[in-house]
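What follows is a single structure, written as C-alpha cells, with notes after it.
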Amino acid sequence: IALLRAAALAGLTREDLLPDYPLAAEYAFESRYKRMATVHQHGDSYFVAVKGAPEAVLPDCTQIAGTQGDEPFSPEDFKDWLQRSDIHAAQGLRLLALAAKTISTPTEPVYGGLTLLGLVAIHDPPRGDIRAAIRSCRDAGISVIMVTGDHAETARSISQAVGLADSGAGAVTGQDLAGLSETSEAEGHRLRKAAVFARVSPEQKLDLIRLHQKAGAIVAMTGDGVNDAPALRQANIGVAMGIRGTQVAKEAADVVLQDDSFTSIVSAVREGRIIFGNIRRFAGYLLSCNLSEVLIVGLAVLVGLPLPILPLQILFLNLVTDVFPAFALGLGEGPEDVLRQPPRDPAEPILAAHQWRKIVLFG
C-alpha cells in the first residue's frame with residue numbers, strides 16, 4: 001500500500017501502466033532469497049521489475065540509474081548503498097531495494113545484470129499500546145520474543161521503541177541460527193535468552209519453537225503468511241492474524257485475532273486466567289457445600305441419630321443456597337493483580353491438593 005501511494009503521488013497508477021506493460025511472468029517472493037520480480041511486455045522487449053531486501057538485490061546490480069543515464073555500479077557503490085540501508089534501518093524504517101532491466105524474451109534469467117533504481121524506506125511504526133502490553137506480559141511471567149524477516153537494525157530499533165530490548169542489545173540474525181538443531185547446550189541457552197531475531201527464515205522459526213519447547217516452555221506463536229503455517233502448527237498455541245492473515249495460516253492456527261492486535265492476546269490471557277479461577281471457586285464452593293451435607297447425614301446415621309435434614313431440605317439447600325452464590329462466583333471479574341501472578345503448570349488439574357484441602361476444611 002505504501003508503494004502504491006508513493007506512485008500515486010508521482011501520478012502513476014497500476015491501472016494506467018498495465019495496458020502498456022502487460023504482465024508476462026511473475027517470480028513470487030521467497031523468504032530464502034528475500035526478493036521478487038515481475039516481467040512486463042513492452043513492445044518487442046520485456047521490462048523486468050525487481051524489489052527485495054537490499055542485501056539480496058544489490059549484489060545483482062551492475063549499473064545504477066543516474067541523472068545522465070545508467071552508470072556502472074562499482075564495489076564502492078555497493079558498500080555505500082549498503083551503508084545507506086543500515087542508516088535508515090537503524091531509524092526503524094523497513095527497506096526495499098528497487099531494480100530493473102530489459103530482456104528480449106520472458107524466459108531469460110531475471111536476476112543479475114540489474115540497474116539499481118534506489119531504496120524505498122517505509123515507516124511502519126508499532127502501535128502505541130504495544131509497550132504497555134509487553135510490560136503486562138512480563139508481569140504475567142510471559143517472555144516476548146520478536147522474530148522477523150526484516151533488517152537486523154530495523155528489528156533492533158523497533159524492539160527498543162516498544163521496550164522489548166535494552167538500548168545496547170543487538171539482534172540475532174538468521175546467519176547465527178545455521179545448524180540450530182545441532183547447537184550446543186550453552187549456545188541453546190544463549191538463544192533462549194535472546195529477545196530479538198532478524199532475517200529469520202520460516203524453517204528457522206520452526207527450529208526456534210522446538211528449541212524453547214525442548215527446554216519445557218509453552219510456546220505461543222503469531223503469524224500471518226503461508227510460510228508461517230508449519231510454525232503455527234508446531235507451537236503449543238498458534239495465533240493467526242484475522243485481517244491480513246492468509247487462509248492457510250488461519251487453518252493452521254488455534255486462535256485467530258479478529259483485530260490483528262497484540263494487546264488482544266494479553267487481554268485473552270487475562271480473561272483465561274479469570275475464567276479458570278472462577279471455575280475453581282465455583283467447583284470448590286459447590287463441593288464444600290455438598291460435602292457438608294454428606295458429612296452431617298453420614299455422621300447422624302453412624303451414631304444412630306434421626307436425619308438432621310430431610311431430602312426436601314437438601315433440595316432446597318442445593319437450589320437456593322448453592323446455585324445462586326455459585327453463579328456469582330462463576331461470573332467474578334477476577335482480582336486486579338491476575339496478570340501479576342505466575343503462570344500455572346498446564347498439567348495442573350482444576351482442583352489441586354490445595355483446593356481439596358480447602359474443600360474439606362470448609363465442608
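Based on this model, can you work out whether L180 counts as free of Cβ contacts under 8 Å to residues at least 40 places away in the same chain and either farther than 30 Å from Q68 by Cβ or surrounded by fewer than 16 Cβ atoms within 10 Å (Cβ to Cβ) (or both)? Steps first, please.
Values: free of Cβ contacts under 8 Å to residues at least 40 places away in the same chain: yes; either farther than 30 Å from Q68 by Cβ or surrounded by fewer than 16 Cβ atoms within 10 Å (Cβ to Cβ) (or both): yes.
The answer is yes for L180.
Step by step: first the residues of region 47-62, then only those that are open to solvent by 30 Å² or more (accessible area, probe 1.4 Å) and within 26 Å of L18 (Cβ to Cβ), then the one that is nearest to the chain's Cα centre (by Cα). Which residue is that? It would help to see each step written out before you state the result.
At the first step, the residues of region 47-62 found to be open to solvent by 30 Å² or more (accessible area, probe 1.4 Å) are 47, 49, 51, 55, 59-60, 62.
Keeping just the survivors that are within 26 Å of L18 (Cβ to Cβ) gives 47, 49, 51, 60.
Values: F47: 37, A49: 31, K51: 25, D60: 32 Å.
Among them, the one singled out is K51.
I'd like the full set of residues that are open to solvent by less than 30 Å² (accessible area, probe 1.4 Å) and in contact with an Asp or Glu (Cβ under 8 Å, 6 or more places away or on another chain), limited to region 192-209.
A198, P202
Looking at region 286-296, which of its residues are crowded, with 17+ Cβ neighbours inside 10 Å and aliphatic (A, V, I, L, M)?
L286, L287
Within the bounds of region 257-264, is there any residue that is assigned to a strand (DSSP E or B) and surrounded by 15 or more Cβ atoms within 10 Å (Cβ to Cβ)?
yes
Does A283 satisfy the condition of being surrounded by fewer than 18 Cβ atoms within 10 Å (Cβ to Cβ) and in contact (Cβ under 8 Å) with a residue 60 or more places away in the chain?
Values: surrounded by fewer than 18 Cβ atoms within 10 Å (Cβ to Cβ): yes; in contact (Cβ under 8 Å) with a residue 60 or more places away in the chain: yes.
For A283, the condition - surrounded by fewer than 18 Cβ atoms within 10 Å (Cβ to Cβ) and in contact (Cβ under 8 Å) with a residue 60 or more places away in the chain - is met.
Find the residue count for region 285-320, including only residues that are under 55 Å from the mean Cα position of the chain (by Cα) and hydrophobic (A, V, I, L, M, F, W, C).
The number of residues fulfilling the criteria is 13.
Is there any pair with a first residue in region 183-202 that is closer than 20 Å to S157 by Cα and a second that is in a strand (DSSP E or B) whose Cβ atoms are under 6 Å apart and which are 6 or more apart or on different chains, and what are they?
As it stands, the answer is A194/V172; V196/M146; F197/V147; F197/V172; A198/T173; R199/T173; V200/V147, since those pairs meet every condition given.
Here are the criteria: (1) modelled with pLDDT under 95; (2) closer than 30 Å to V147 by Cβ; (3) aliphatic (A, V, I, L, M). Tell me which single one A10 does not satisfy.
Of (1) modelled with pLDDT under 95; (2) closer than 30 Å to V147 by Cβ; (3) aliphatic (A, V, I, L, M), only one is false for A10: (2).
Do we have A121 as open to solvent by 40 Å² or more (accessible area, probe 1.4 Å), over 24 Å from L23 (Cα atoms) and of a type in the set (A, V, I, L, M) here? So that I can check it myself, show each step before the final result.
On the way: open to solvent by 40 Å² or more (accessible area, probe 1.4 Å): yes; over 24 Å from L23 (Cα atoms): yes; of a type in the set (A, V, I, L, M): yes.
Criteria met by A121.
Go through region 97-116 and report how many residues are assigned to a loop (DSSP other than H, G, I, E, B), surrounded by 14 or more Cβ atoms within 10 Å (Cβ to Cβ) and touching a helix residue (DSSP H, G or I) at 6+ places or on another chain (Cβ under 6 Å).
Count: 1.
Please determine whether any residue of region 87-96 is in a loop (DSSP other than H, G, I, E, B) and without any contact (Cβ under 8 Å) to a residue 60 or more places away in the chain.
No, that holds for no residue.
The values are calculated or read from the model by the stated rules, or taken from the named source; none is laboratory data. Because the structure is predicted, anything quoted here is derived from the model rather than measured. When we count neighbours, we look across all protein chains shown, and the Cβ atoms used for this are built from the backbone with ideal geometry, even at glycine. Accessible surface is based on the protein model in full, side chains and every heavy atom, while ligands, DNA and RNA are left aside. Shrake-Rupley method; radii C 1.70, N 1.55, O 1.52, S 1.80 Å.
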